[in-house]
Amino acid sequence: MNNKEKPTSLEDIPAALRDISTSPKTSSPNLQLIILGVGGSIVMILVGIGVMRLFSPSEPVISDLSPTPNLSPSPIPTPAPEEIENILGHLRYEEASPDQLKSITNDGRIKLRTKAADSFLKMQRDARANGIILTPISGFRTVDQQNYLFFEIQRQRNQNPSKRAEVSAPPKYSEHHTGYAIDIGDGKVPGTNLSENFEKTPAFRWLENNAAKYSFELSFPANNPQNISYEPWHWRYVGDPHSLETFYKAQQLQKESSVDVNKVD
Ligand SMILES: [Zn+2]
């Protein structure tokens, strides 16, 4: 019971217990008292431990691990304070650097990443051989250009940002920053440029049947999971590892939503 006795008496435990039972008469009264006190303390401690174990069967892990354990619940992982990766349905994209770009028009006005540019030019040649004119309308855009397109046009059209985001990506969130995305028109039906009616043109039908051969896919089909309005004119290149990585998240969203659609059906 007396805590002060514990440090000096621990080594004597076996002897003390034997003394109590075998040779009480040889000990002096004072020594007997001490032995009884020490022995009593030890017995009480042992009994106490036993009682604790009896009444706390769910806690042995805690007492057994007491020197080290981190018993507090693990902290809830919080996202790193990085840039928001998704805004109003649009995913965030890095801007390609000028040395990664190649012109796809004679005036040098429209550019794509080199591999996407080469593939588009080949697709354009092959389409022309079939009587189809694929006209590039817009390719790579800087964040500054997108800034103008998003906010200036938003003001001119008196749109709120959510409405504007249905038809245009906010700056830093446009696939056009990557140099892999291109808006395509039908050179024979320019009145359908950047309009849903483009889907009725021979150029769109040709793209539907052939673009995959050149590693181009439609970014925003009707009812896309990103909730961006249908853009039959907007295609992206996914023909090399970097472009695949760039659009991996967007493609996952597409796949997940098509799985959901199948479930509903
Ligand atoms: Zn576009």
Taking the conditions exactly as written (in a loop (DSSP other than H, G, I, E, B), at pLDDT below 95 and exposed (fewer than 15 other Cβ atoms within 10 Å of the Cβ)), does residue 169 satisfy them or not?
no
Which residues, counting only those in the stretch 194-239, are of a type in the set (D, E, K, R) and under 16 Å from residue 125 (Cβ atoms)?
213
Wholly within the stretch 80-155, which strands (runs of 3 or more DSSP E) include no fewer than the required count, namely at least 1 residues that are out of contact with any Asp or Glu (no Cβ under 7 Å at 6 or more places or on another chain) and basic (Lys, Arg)?
101-103, 111-113
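Okay, residues lined up against (1) modelled with pLDDT of 95 or more; (2) buried (at least 16 other Cβ atoms within 10 Å of the Cβ):
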residue: 46; (1), (2): no, no
residue: 63; (1), (2): no, no
residue: 66; (1), (2): no, no
residue: 82; (1), (2): no, no
residue: 102; (1), (2): yes, yes
residue: 106; (1), (2): yes, no
residue: 111; (1), (2): yes, yes
residue: 139; (1), (2): yes, yes
residue: 152; (1), (2): no, no
Would you check if residue 208 is of a type in the set (D, E, K, R) and surrounded by fewer than 17 Cβ atoms within 10 Å (Cβ to Cβ)?
yes
What pairs can you find where one residue is in the stretch 174-197 and at negative phi and outside the structural domain of residue 149 (by TED's automatic domain parsing), the other is at pLDDT below 95 and within 12 Å of the ligand (Cβ to nearest atom), and their Cβ atoms are less than 8 Å apart, with a gap of 6+ or different chains?
none
Scan 197, 160 and give me the residue that is at pLDDT below 95 and farther than 27 Å from residue 94 by Cβ.
160
Filter pass, residue 192 being touching a Phe, Trp or Tyr at 6+ places or on another chain (Cβ under 6 Å) and modelled with pLDDT of 90 or more
yes
Pair list, Cβ < 7 Å and 6+ apart or interchain, from the stretch 213-235 residues that are under 23 Å from residue 115 (Cα atoms) and free of Cβ contacts under 8 Å to residues at least 60 places away in the same chain to residues that are within 10 Å of the ligand (Cβ to nearest atom) and part of a helix (DSSP H, G or I)
219/175
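The values are calculated or read from the model by the stated rules, or taken from the named source; none is laboratory data. Every value quoted in this text rests on a predicted model; they were computed, and no experiment measured them. When we count neighbours, we look across all protein chains shown, and the Cβ atoms used for this are built from the backbone with ideal geometry, even at glycine.
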